[in-house]
Amino acid sequence: DSVAQRKGFKCSLCTKALKKIKVLAGDNPDEAAVAAALQKGCRVLGRAVGKLCRRLVKKYQDQITEGLQNGDKPRAICTAMGICQS
């Protein structure tokens with residue numbers, strides 16, 4: 001079923017993007033570090049995926065920032081945003 005496949009793709013994309021962003025942000029990121037990592041993280045994913053990544057970041061920036069600052073795992077952040085199934 002294509003809806004489930006799309007959701008799975010979005011979930012893996014979200015998780016992959018946030019893993020990259022988490023590494024770029026460092027271990028104890030402040031808001032500026034997270035913001036810089038969000039910008040850079042999407043850029044390194046390539047053009048097509050980067051575009052989806054930027055859309056995701058724009059829509060969920062507060063949740064992503066909060067999650068990263070709390071030390072949440074990328075998958076948990078994506079689940080909290082409703083992109084991944086728990």
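The values are calculated or read from the model by the stated rules, or taken from the named source; none is laboratory data. Values in this document were obtained by computation on a predicted structure and should not be read as measured data. Please note: Cβ atoms are built from the backbone with ideal geometry, for glycine as well, and neighbour counts cover all protein chains shown. Note: areas computed on protein heavy atoms with side chains; ligands, DNA, RNA excluded. Shrake-Rupley method; radii C 1.70, N 1.55, O 1.52, S 1.80 Å.
Rounded to whole numbers, the Karplus 3J(HN,Hα) couplings from phi for the range 56-71 are 4, 5, 4, 6, 10, 3, 4, 5, 5, 4, 4, x, 5, 5, 7, x Hz, using 6.51 cos²θ - 1.76 cosθ + 1.60 with θ = phi - 60°, and x at Gly and Pro. Couplings for the range 47-55, taken from phi via the Karplus curve 6.51 cos²θ - 1.76 cosθ + 1.60 with θ = phi - 60°, read 5, 5, 5, x, 5, 5, 4, 4, 5 Hz in order; Gly and Pro are left as x.
Cα gyration tensor of the chain, axes a ≥ b ≥ c as square roots of the eigenvalues: rounded (a/c below 1.5), prolate (a/b > b/c) or oblate?
Oblate, since a/c reaches 1.5 and b/c is not below a/b.
Taking every alpha-carbon pair under 8 Å whose residues sit at least 6 apart, the chain reaches a relative contact order of 37 percent. Remark: the range 2-81 carries a charge dipole of roughly 700 debye about the Cα centre, counting +1 on each Lys and Arg Cβ and -1 on each Asp and Glu Cβ. Of the heavy-atom accessible surface of the chain (probe 1.4 angstrom), what whole percent is carbon and sulfur? The computed percentage sits at 50. Here the spin labels are modelled as points 7 Å beyond Cα on the Cα-Cβ line, and at GLN61 and ALA48 they lie 2.7 nm apart.
In the chain, taking the dipole from charged Cβ atoms about the Cα centre, the farthest positive-side position among GLN39, MET81, VAL49 is held by VAL49.
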